[in-house]
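For reference, the structure discussed in these notes is given below.
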Amino acid sequence: MGLAAKGALLGLLALLFIALSVTVLLDRPWPLLVRLVAAAAFAFPLPVLGPGAFAALSDALTGRAVRVEGAVALASRRAGWSLRLPSGLFAEYLLWNPWLPLTPSRTYTVVHGERSRVLVEPPREEQVDRLWDAPS
């Protein structure tokens with residue numbers, strides 16, 4: 001449900017920016033150069049919003065999810081990503097982490113949407129045998 005809502009929100013935002021771009025292009029009182037620059041500024045977020053909306057809605061409608069082992073929790077979430085997958089791609093929370101906090105640099109098994117790479121289940125920490133943790 002949350003993934004469909006995220007996809008719908010991103011889709012509505014994309015439509016809003018498309019409408020703003022078209023409106024400013026058709027606004028006759030402004031010189032053409034000003035209209036083109038303004039339209040380009042409004043169209044700037046579309047390459048992120050459009051594919052994000054499509055991926056989230058596609059995952060929500062098809063119900064396709066992928067289980068991945070070996071996802072590493074990132075120390076910082078400034079870029080919006082939460083885990084680095086073994087493939088080098090990133091997985092993220094829907095909006096925020098509703099589950100237990102992750103420990104940076106630890107590995108987790110995650111279930112994420114096939115296209116959106118948004119987590120749909122709580123990450124589960126993988127048990128790694130460490131020499132110093134082993135009983136003597």
Selection status of residue 117, of a type in the set (D, E, K, R), touching a residue at least 12 places away in the same chain (Cβ under 8 Å) and surrounded by fewer than 16 Cβ atoms within 10 Å (Cβ to Cβ): no
Qualifying positions in the range 76-109 - modelled with pLDDT of 85 or more and within 22 Å of residue 48 (Cβ to Cβ): 82, 83, 84, 85, 87, 88, 89, 90, 91, 92, 93, 94
Some residue of the range 65-81 being under 16 Å from residue 7 (Cβ atoms) and hydrophobic (A, V, I, L, M, F, W, C): yes
Residue within the range 116-127 that is more than 30 Å from residue 18 (Cα to Cα) and not in a loop (DSSP other than H, G, I, E, B) present: yes
Count of residues meeting criterion [crowded, with 17+ Cβ neighbours inside 10 Å and either part of a loop (DSSP other than H, G, I, E, B) or under 27 Å from the mean Cα position of the chain (by Cα) (or both)] in the range 1-32: 9
Scope the range 43-96; condition assigned by TED's automatic domain parsing to the domain that holds residue 120, within 10 Å of the chain's Cα centre (by Cα) and not hydrophobic (A, V, I, L, M, F, W, C); matching residues: 80, 82, 92, 93
When residues of the range 33-84 are limited to those that are of a type in the set (D, E, K, R) and assigned to a loop (DSSP other than H, G, I, E, B), the one surrounded by the fewest Cβ atoms within 10 Å (Cβ to Cβ): 78
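The values are calculated or read from the model by the stated rules, or taken from the named source; none is laboratory data. These numbers come from a predicted model, not from an experiment. Positions of Cβ are generated from backbone atoms using ideal geometry, with glycine treated the same way; all protein chains shown enter the neighbour counts.
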